[in-house]
Amino acid sequence: MIVITGLSGCGKTTLTRILNGLIPNHYEGDLDGEVKLFDKNLLDYEKGELAKYIGNVFQNPSDQFLLPLRKKKSPLSEKT
């Protein structure tokens, strides 16, 4: 396990987004150079493959990537 710590704004989130393959695929940004995991460039991994090796845990549970689902009342389900 590796823990990345630092002051606010020092680039921890940016670094983990790069390691997770989220930059430049899901967030704007240019990746210049190479980042390798197991001697393989991160850009060469298939989508979702990096999740086997790299994850994020945030200090505040409400900041996690997952959000609760809300049921909306659909007009199609109402009887007329």
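The values are calculated or read from the model by the stated rules, or taken from the named source; none is laboratory data. None of the values given here were measured: they were computed from a predicted structure. Counting neighbours? That spans all protein chains shown, and the Cβs are built from the backbone with ideal geometry, glycine included.
Is it the case that Gln59 is polar (S, T, N, Q), out of contact with any Lys or Arg (no Cβ under 9 Å at 6 or more places or on another chain), modelled with pLDDT under 85 and surrounded by 10 or more Cβ atoms within 10 Å (Cβ to Cβ)? Don't jump to the end; show me each part of the working.
Numbers: polar (S, T, N, Q): yes; out of contact with any Lys or Arg (no Cβ under 9 Å at 6 or more places or on another chain): yes; modelled with pLDDT under 85: yes; surrounded by 10 or more Cβ atoms within 10 Å (Cβ to Cβ): no.
No, not satisfied.
Which one is surrounded by the fewest Cβ atoms within 10 Å (Cβ to Cβ), of the residues in region 8-56 that are in contact with a strand residue (DSSP E or B) (Cβ under 9 Å, 6 or more places away or on another chain) and of a type outside the set (D, E, K, R)?
Tyr53
Thr5: modelled with pLDDT of 75 or more and exposed (fewer than 11 other Cβ atoms within 10 Å of the Cβ), yes or no? So that I can check it myself, show each step before the final result.
Working: modelled with pLDDT of 75 or more: yes; exposed (fewer than 11 other Cβ atoms within 10 Å of the Cβ): yes.
So Thr5 fits the description; yes.
Can you give me the number of residues within region 38-59 that are assigned to a loop (DSSP other than H, G, I, E, B), of a type outside the set (Phe, Trp, Tyr) and more than 14 Å from the chain's Cα centre (by Cα)?
To start, the set of residues in region 38-59 that are assigned to a loop (DSSP other than H, G, I, E, B) comprises 38-39, 45-48, 53-59.
Narrowing the set further to residues that are of a type outside the set (Phe, Trp, Tyr) leaves 39, 46-48, 54-57, 59.
Now restrict to residues that are more than 14 Å from the chain's Cα centre (by Cα): 39, 46, 59.
Looking only at that region, the number is 3.
Can you run down the residue pairs with Cβ atoms below 9 Å, 6 or more apart or on separate chains, where the first is in region 2-13 and within 20 Å of Gly29 (Cα to Cα) and the partner is in a loop (DSSP other than H, G, I, E, B)?
Sorted first by the residue in region 2-13, then by its partner, the pairs are Lys12/Ile4; Lys12/Thr5; Lys12/Gly6; Thr13/Asn56.
Can you tell which of Glu28, Glu34 is modelled with pLDDT under 85 and either of a type in the set (D, E, K, R) or outside any helix (DSSP H, G or I) (or both)? Walk me through it before giving the result.
Working: Glu34 fails: modelled with pLDDT under 85.
Being modelled with pLDDT under 85 and either of a type in the set (D, E, K, R) or outside any helix (DSSP H, G or I) (or both) holds for just one of Glu28, Glu34, which is Glu28.
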